[in-house]
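**Q** Sharing a structure below in structure tokens format, with a few things to ask.
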Amino acid sequence: LYAGVMSHNAFVFGVISVQLVPLLEAAGLATAAAVWVASLKGFAQFGGRVVEIAFGRNLRAITVARIAIVVLPVSFALLFLSDGHLAFIVAFTVLMGASQGVITIVRGALPLALFGPNGYGAVLGVLATPILLVNAASPTVFALVVDTWGWRTAQAVLIATSAASWIAIELMTRWYERRRG
């Protein structure tokens, strides 16, 4: 489940790393505005990490992961519903960036909480393979979706993919809580 959670996120963030400006243009922004809004993502990543440091230290790694992951489909839903409104598109970018910033931290902390310190490096290595493969393939797959069905369907794919990650983390949390109990 963890590999599924992170692979779904790897798909989304692989797409975002290449297609964020065109995605924002497809949502209704002019190129200059899309570039400006896309530049907010880095600030949001930093902000998400600061918030996690300030408030997440009293939370378990799995709780921080659940919060960061549920924000992602919400952000893509905002983009989908934006109808070209700048405030919605900025909110999407900031929430998505903050989520990505926190998920970067969670990617290393959560396996330690789930599987323990024994063989931690080997576990990370095994888990990294599907995540890296999905991340590498995602821009090409997404471009095919855009080319075949258009931007609206492609946005729906991002919502569905990020929602699948959220469902997987919720299932994983149930497994984790049973294991702890």
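This table checks each residue for (1) touching a Phe, Trp or Tyr at 6+ places or on another chain (Cβ under 8 Å); (2) outside any helix (DSSP H, G or I); (3) at pLDDT 95 or above; (4) under 20 Å from residue 61 (Cβ atoms).
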| residue | (1), (2), (3), (4) |
| --- | --- |
| 136 | no, no, yes, no |
| 141 | yes, no, yes, no |
| 166 | no, no, yes, yes |
| 169 | no, no, yes, yes |
| 172 | yes, no, no, yes |
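**Q** Let me ask another. In segment 35-62, which residue that is among the basic types (Lys, Arg) and more than 15 Å from the chain's Cα centre (by Cα) is modelled with the highest pLDDT?
**A** Filtering segment 35-62 for residues among the basic types (Lys, Arg) gives 41, 49, 57, 60.
With more than 15 Å from the chain's Cα centre (by Cα) added as a condition, the list becomes 57, 60.
Values: 57: 85, 60: 92.
Restricting to residues being among the basic types (Lys, Arg) and more than 15 Å from the chain's Cα centre (by Cα), the top hit is 60.
**Q** Next question, about the same structure. Hey, among 87, 3, 32, 10, which residue is at pLDDT below 95 and farther than 14 Å from residue 159 by Cβ?
**A** Checking each option against the conditions leaves just 3.
**Q** Filter segment 147-162 for residues that are in a helix (DSSP H, G or I) and open to solvent by less than 30 Å² (accessible area, probe 1.4 Å) and give the result.
**A** Correct list: 154, 155, 158, 161, 162.
**Q** Related question: If a residue has to be open to solvent by less than 50 Å² (accessible area, probe 1.4 Å) and part of a helix (DSSP H, G or I) to count, how many in segment 100-133 make the cut?
**A** Let us first name the residues in segment 100-133 that are open to solvent by less than 50 Å² (accessible area, probe 1.4 Å), namely 100-103, 106, 108-111, 113-114, 116, 119, 123, 125, 127-128, 130-131.
Okay, now just the ones that are also part of a helix (DSSP H, G or I), so 100-103, 106, 108-111, 113-114, 123, 125, 127-128, 130-131.
Residues in segment 100-133 being open to solvent by less than 50 Å² (accessible area, probe 1.4 Å) and part of a helix (DSSP H, G or I): 17 in total.
**Q** Kindly list the number of the only condition in (1) over 19 Å from the mean Cα position of the chain (by Cα); (2) without any contact (Cβ under 8 Å) to a residue 40 or more places away in the chain that fails for residue 108.
**A** So residue 108 meets the others, but not (1).
The values are calculated or read from the model by the stated rules, or taken from the named source; none is laboratory data. What you are looking at is a predicted structure, and each value in this text was computed from that prediction instead of being measured. Because the Cβ atoms are built from the backbone with ideal geometry, glycine has one as well, and the counts that use them run over all protein chains shown. Each accessible area value is taken on the protein alone, full model and side chains, heavy atoms only, with ligands, DNA and RNA left out. Shrake-Rupley method; radii C 1.70, N 1.55, O 1.52, S 1.80 Å.
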